[in-house]
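Values in this text are rule-based calculations from the coordinates and carry no lab data. Remember, it's a predicted structure, so these values are computed and weren't measured experimentally. When we count neighbours, we look across all protein chains shown, and the Cβ atoms used for this are built from the backbone with ideal geometry, even at glycine.
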Amino acid sequence: GQQVMQIPQYQHVQEGEDFTTYCNSSTTLSNIQWYKQRPGGHPVFLIQLVKSGEVKKQKRLTFQFGEAKKNSSLHITATQTTDVGTYFCAGPGGSNYQLIWGAGTKLIIKP
Amino acid sequence: DGGITQSPKYLFRKEGQNVTLSCEQNLNHDAMYWYRQDPGQGLRLIYYSQIVNDFQKGDIAEGYSVSREKKESFPLTVTSAQKNPTAFYLCASTLRGRGVTEAFFGQGTRLTVV
């Protein structure tokens with residue numbers, strides 16, 4: 001079945017360093033969504049990308065959707081403690097186009 | 001304020017018991033979902049419903065049951081047949097199904113078997 005692979009599983013950074021997570025789908029996606037889950041919390045929607053090659057920015061966060069609409073990335077510049085959490089990508093798929101979720105990348109700030 | 005309300009926040013279940021987790025939304029969304037999240041893991045779909053009185057099994061439906069008698073409500077019952085129910089359960093809704101609109105999540109219910 002359709003899969004969305006997300007790497008890395010964890011990323012440890014010093015505060016102020018950059019962070020990147022990557023998603024790769026086994027099939028072409030009509031859109032890709034990104035969510036953030038703070039420790040102990042629930043996923044919160046960040047953004048949806050729809051167009052091939054689309055790039056969107058939210059302050060220090062940059063989201064990209066690949067030309068083939070099969071991969072996507074989230075890049076955070078100069079991480080802050082408020083960025084701590086797990087970032088998930090999700091895209092519609094399966095027989096009923098339900099959201100297929102990546103496994104998430106946990107951003108950890110080194111003390 | 002519109003949103004999704006899950007209750008209770010914490011739930012303890014004895015072996016062999018059925019328990020029901022509540023999920024209510026006032027967003028007027030058509031589609032609702034139940035996910036299970038284990039520590040350090042992603043989201044796994046248990047059941048989803050795109051309209052009232054209709055629901056479909058997700059990837060890990062065994063040992064769970066749902067109902068969708070009202071648009072606003074999508075309760076999940078964890079039955080005694082679910083052998084390892086300890087997990088974080090998340091309810092979500094979308095305006096429409098088919099993965100084209102953002103998902104809104106409730107605060108979650110942490111279920112522990114004692």
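Every condition in (1) in contact with a strand residue (DSSP E or B) (Cβ under 7 Å, 6 or more places away or on another chain); (2) hydroxyl-bearing (Ser, Thr, Tyr); (3) farther than 22 Å from residue A:101 by Cα is met by residue B:93 except one, and the failing one is (3). Going by the conditions given, is residue A:86 assigned to a strand (DSSP E or B) and within 14 Å of chain B (Cβ to nearest Cβ)? The answer is yes for residue A:86. Scan segment A:59-83 for residues that are assigned to a strand (DSSP E or B) and within 14 Å of chain B (Cβ to nearest Cβ) and the total you get is 1.
Total residues in segment B:51-88 satisfying the condition of being within 12 Å of chain A (Cβ to nearest Cβ), in contact with a Ser or Thr (Cβ under 9 Å, 6 or more places away or on another chain) and surrounded by 19 or more Cβ atoms within 10 Å (Cβ to Cβ): the figure is 1. Tell me, please, whether a residue that is within 23 Å of residue B:36 (Cβ to Cβ) and more than 12 Å from chain B (Cβ to nearest Cβ) can be found in segment A:95-111. Checked segment A:95-111: at least one residue is within 23 Å of residue B:36 (Cβ to Cβ) and more than 12 Å from chain B (Cβ to nearest Cβ).
Here's the yes/no breakdown for (1) touching a residue at least 40 places away in the same chain (Cβ under 8 Å); (2) within 11 Å of the chain's Cα centre (by Cα):
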| residue | (1), (2) |
| --- | --- |
| A:60 | no, no |
| A:63 | no, yes |
| A:74 | yes, yes |
| A:82 | no, no |
| A:93 | yes, no |
| A:98 | no, no |
| A:102 | yes, yes |
| A:107 | yes, no |
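When the residues of segment A:24-47 are filtered to those that are without any contact (Cβ under 8 Å) to a residue 60 or more places away in the chain and assigned to a loop (DSSP other than H, G, I, E, B), which remaining residue is farthest from the other protein chains (Cβ to nearest Cβ)? Going through the qualifying residues, I end up with A:26. Which condition from (1) away from chain B (no Cβ under 12 Å); (2) crowded, with 18+ Cβ neighbours inside 10 Å; (3) free of Cβ contacts under 8 Å to residues at least 60 places away in the same chain; (4) within 24 Å of residue B:41 (Cβ to Cβ) is the one that residue A:19 breaks? Of the numbered conditions (1) away from chain B (no Cβ under 12 Å); (2) crowded, with 18+ Cβ neighbours inside 10 Å; (3) free of Cβ contacts under 8 Å to residues at least 60 places away in the same chain; (4) within 24 Å of residue B:41 (Cβ to Cβ), the odd one out for residue A:19 is (3).
Of the residues in segment A:89-111, how many are outside any strand (DSSP E or B) and closer than 20 Å to residue A:4 by Cβ?
Here the count works out to 7.
Out of B:52, B:113, one residue alone is β-branched (Val, Ile, Thr) and in contact (Cβ under 8 Å) with a residue 40 or more places away in the chain. It is B:113.
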